[in-house]
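Let me begin by presenting the structure, written as structure tokens, before commenting on it.
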Amino acid sequence: MLPFVYARPMRIGASIRSFHPPASARGIARQMLERADAAGRAGLDSLFLGDHHATAMPYLQNVPMLARMLASWPERPAGALFLLPLWEPVLLAEQIGTLAALMPQRFIAQCCVGADPAQFRAVGADPRTRGREFERRFALLRHLLAGEQLSREEGGVPVGISPVPEAPVEYWIGADVPVAIDRAARLADAWLVGPNVAVDEAVRLLAYYRERCDAYERKPAATPIRRNIHVADSEAELARRVRPAMQDGMGVEPDKVIVGTVPQVAEAFRDLAAAGFSDVIVRHFLDDQAAVLDSYARLAEVRALVGDA
């Protein structure tokens, strides 16, 4: 089996929520920018936004919001998740090329198949062909962002984009079933574990991913896992604010989140590193903006503890 050796300490990245009920769209934008700035001040290693379309509640789109965040984001990697079957490859490649021009570090494209039929219908896509369409569009995207000229149909005029990212784009495929994890091993630079996979299951699937990487003679650039999170100042805050919120329609389950004080969260991160994960991408699930900003500040302490391990 190929060796899996990663730089230590474990990297900690931020995934910023793109909706904050019941805030107005302008309020959501302000909160997102505040959270991104807090992640930067905490020294986090990467920054990401998600991707949804035709939503009932305001959901600010990732490309313009990330462009705005990059104005103050430090010189560290950043990127976004894209539900690839919902995107036209040339247009998406141009958006990524432009975003990459705004940053000195590499752009990380997190790509997923998507599951919500309503979002497929909204853009005229067919969810029944999503796996096949994902692979077709993923190949086109990679060729375009590598600066290649493509012919989209027989006898057609070659198509290319400009600008092309100066640093190679890194591709992570998000997946939670074996066929899609195999796809990540075969096609991408990394497999991204989603927030709805329990840690024990994630560790088991990581072993499968490594087996598939070995079968394709590929070594991943990273082994990232995304977790919903809150870093509390005390056990009292956990009891008063965090655990009640987890039971009150937040859509988070105890075995799929990391909540605790600074030492407790640092220990959970060290456990993930020991299990073979190189990056933990954190997303705060609480709506309380002040509490979230405080949690980001404590992540700087977590990062220091993990780095000292």
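The values are calculated or read from the model by the stated rules, or taken from the named source; none is laboratory data. Worth saying up front: this structure is predicted, and the values here are computed from it rather than measured. All Cβ positions, glycine included, derive from the backbone under ideal geometry; neighbour counts span all protein chains shown.
Pairing each residue of the stretch 289-309 that is over 18 Å from Glu237 (Cβ atoms) with any residue that is small (Gly, Ala, Ser) and surrounded by 14 or more Cβ atoms within 10 Å (Cβ to Cβ), provided the two are 6+ apart or on different chains, yields C-beta distances under 8 Å for Arg303/Ala42; Arg303/Gly43; Leu305/Ala266; Val306/Ala266; Val306/Ala273; Ala309/Ala266; Ala309/Ala273. Could you tell me whether the stretch 86-103 includes any residue that is at pLDDT 95 or above, aliphatic (A, V, I, L, M) and within 14 Å of the chain's Cα centre (by Cα)? For the stretch 86-103, residues at pLDDT 95 or above, aliphatic (A, V, I, L, M) and within 14 Å of the chain's Cα centre (by Cα): absent.
Of all the numbered requirements in (1) closer than 22 Å to Glu34 by Cα; (2) in contact with a Ser or Thr (Cβ under 8 Å, 6 or more places away or on another chain); (3) of a type outside the set (Phe, Trp, Tyr), Ala245 misses one, and that requirement is (2).
Of all residues in the stretch 186-202, those that are part of a helix (DSSP H, G or I) have Cβ atoms under 7 Å from Cβ atoms of residues that are surrounded by 18 or more Cβ atoms within 10 Å (Cβ to Cβ), 6 or more apart or on another chain, in Leu187/Phe138; Leu187/Ile173; Ala202/Val193; Ala202/Ile225. I want to confirm something. Restricting to the stretch 259-301 and keeping residues that are assigned to a loop (DSSP other than H, G, I, E, B) and touching a helix residue (DSSP H, G or I) at 6+ places or on another chain (Cβ under 6 Å), which single residue is surrounded by the most Cβ atoms within 10 Å (Cβ to Cβ)? So, considering only residues that are assigned to a loop (DSSP other than H, G, I, E, B) and touching a helix residue (DSSP H, G or I) at 6+ places or on another chain (Cβ under 6 Å), the one surrounded by the most Cβ atoms within 10 Å (Cβ to Cβ) is Leu286.
Restricting to the stretch 147-165, name every residue that is surrounded by 12 or more Cβ atoms within 10 Å (Cβ to Cβ) and either free of Cβ contacts under 8 Å to residues at least 60 places away in the same chain or farther than 16 Å from Leu92 by Cβ (or both). Listed by number, the residues that qualify are Gly147, Glu148, Leu150, Gly160. For the subset of the stretch 249-273 comprising residues that are modelled with pLDDT of 95 or more and of a type in the set (Gly, Ala, Ser), which member is nearest to the chain's Cα centre (by Cα)? Checking each candidate, the answer is Ala273.
Restricting the first member to the stretch 24-35 and to residues that are closer than 13 Å to Leu49 by Cα and at pLDDT 95 or above, and the second to residues that are crowded, with 16+ Cβ neighbours inside 10 Å and of a type in the set (Val, Ile, Thr), the beta-carbon pairs closer than 6 Å and six or more apart or on different chains are Met32/Ile16; Arg35/Ile16. The set of residues from the stretch 77-120 being touching a Phe, Trp or Tyr at 6+ places or on another chain (Cβ under 6 Å) and among the polar types (S, T, N, Q) comprises just one member, Gln110.
Residue-by-condition table, conditions (1) closer than 25 Å to Tyr296 by Cβ; (2) touching a residue at least 60 places away in the same chain (Cβ under 8 Å):
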position: Leu91; (1), (2): no, no
position: Gln105; (1), (2): yes, yes
position: Ala115; (1), (2): no, no
position: Ala122; (1), (2): no, yes
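Please verify whether the stretch 241-248 includes one or more residues that are touching a helix residue (DSSP H, G or I) at 6+ places or on another chain (Cβ under 8 Å), surrounded by fewer than 19 Cβ atoms within 10 Å (Cβ to Cβ) and at pLDDT below 95. The answer is yes, given that some residue of the stretch 241-248 is touching a helix residue (DSSP H, G or I) at 6+ places or on another chain (Cβ under 8 Å), surrounded by fewer than 19 Cβ atoms within 10 Å (Cβ to Cβ) and at pLDDT below 95. Which residues, taken from the stretch 130-141, are touching a residue at least 40 places away in the same chain (Cβ under 8 Å) and either of a type outside the set (A, V, I, L, M) or outside any helix (DSSP H, G or I) (or both)? Answer for the stretch 130-141, where residues must be touching a residue at least 40 places away in the same chain (Cβ under 8 Å) and either of a type outside the set (A, V, I, L, M) or outside any helix (DSSP H, G or I) (or both): Arg130, Gly131, Glu133, Phe134, Glu135, Arg137, Phe138.
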